[in-house]
Amino acid sequence: MAVAKKVDPKRTTTKKVLTSKEYRLADDRSGLAFIMKTGKNKKLLVWDDKQELSIPIRHCPSEKSIFIDKQSDYAYVEPIVFMHGSIEIPREAQITQQFLDAHPDNVKNGGTWFEEINEEAEAENDLVLDEIKIDIYNAVREKALKDGGEYELEAVVAVLDNDVQGASIMKVKSLKRRIYQEIEADPFYFCDDNGNVTIFEDDYITRKYFTLRAIKESIIKKSSNNKSMVWVRDGKVIVSAPRGIELTEHFADFLSTDEGMLVSEEIKKRS
């Protein structure tokens, strides 16, 4: 009977697969050609966790390292030029790839100038986004088929457009179309951080619609300077919005507080 040979884990190595990489500028500032900083002035710094300090790098393809302190005295700095906003670095040019991957202007390092093109990751993200959109579309369609579902669609549209009157005269097809437009523009508005659809379970939408309805029914109103929400009956101030915060949005958030809940009950009594 044959006996399997034992493999010494110390002598087993996994060979790194080298591939070409493509990079692109993060905006349209490039024009025909854009020359990247290559550290020729020795002021291009990256953070080294081991040494806990910033150390200079420069692009010298003939050297064995991108770090200046590990390069020879005869190191030659070569330019990196993005043509029409992108550049492809072949698998053989490992130093150039390492340099661009470590570059402080790389988006993954907190920079804003350029990023690596990862088609597989982008395709995966696109797929996730498409699936989220489909889930939201289906939720809207199902809601439209339920008894009274059109009123929930109306509430969503009223909040989107900040217009209760306009939403109230729209038919179901128009309401769906308006929501579909927003799904395409910003699907994440209708789901949580895990991609779960919350369009008809969003407390903020409910409170915002409640606010808009109360204004339409003349129970509450904005003050003359649009900074406070007041009772229509006696003009008393309910709450004032901080500078830079839209009043109806602030009031909708206010309704989630203990004091706001009491105000909600009072609005219901007066409606």
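The values are calculated or read from the model by the stated rules, or taken from the named source; none is laboratory data. The shown structure was predicted, so the numbers you read here are calculated from the model rather than taken from an experiment. Note that we place each Cβ from the backbone using ideal geometry, even for glycine, and neighbour counts take in every protein chain shown.
General remarks:
- Conditions (1) out of contact with any Lys or Arg (no Cβ under 7 Å at 6 or more places or on another chain); (2) surrounded by fewer than 18 Cβ atoms within 10 Å (Cβ to Cβ): number failed by residue 263: (2)
- Residues in segment 49-75 that are in contact with a Cys (Cβ under 9 Å, 6 or more places away or on another chain) and surrounded by 12 or more Cβ atoms within 10 Å (Cβ to Cβ): 66, 68, 71, 75.
- For segment 106-126, filtered to residues that are more than 16 Å from the chain's Cα centre (by Cα) and among the hydrophobic types (A, V, I, L, M, F, W, C), the residue that is surrounded by the most Cβ atoms within 10 Å (Cβ to Cβ) is 114.
- Residue under evaluation residue 46, criteria (1) free of Cβ contacts under 8 Å to residues at least 40 places away in the same chain; (2) part of a strand (DSSP E or B); (3) surrounded by 13 or more Cβ atoms within 10 Å (Cβ to Cβ), criterion not met: (1)
- Boolean, residue 255 is free of Cβ contacts under 8 Å to residues at least 40 places away in the same chain and either in contact with a Ser or Thr (Cβ under 8 Å, 6 or more places away or on another chain) or under 13 Å from residue 210 (Cβ atoms) (or both): no
Let's see how each residue does on (1) assigned by TED's automatic domain parsing to the domain that holds residue 255; (2) touching a helix residue (DSSP H, G or I) at 6+ places or on another chain (Cβ under 7 Å); (3) of a type in the set (D, E, K, R):
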{"position": "139", "(1), (2), (3)": "no, no, no"}
{"position": "145", "(1), (2), (3)": "no, no, no"}
{"position": "159", "(1), (2), (3)": "no, yes, no"}
{"position": "171", "(1), (2), (3)": "no, no, yes"}
{"position": "177", "(1), (2), (3)": "no, no, yes"}
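- Residues that are among the polar types (S, T, N, Q) and assigned to a helix (DSSP H, G or I), drawn from segment 79-109: 94, 96, 97, 98, 109
- Residue list for segment 167-204, restricted to those being touching a Ser or Thr at 6+ places or on another chain (Cβ under 9 Å), surrounded by 14 or more Cβ atoms within 10 Å (Cβ to Cβ) and within 16 Å of residue 255 (Cα to Cα): 204
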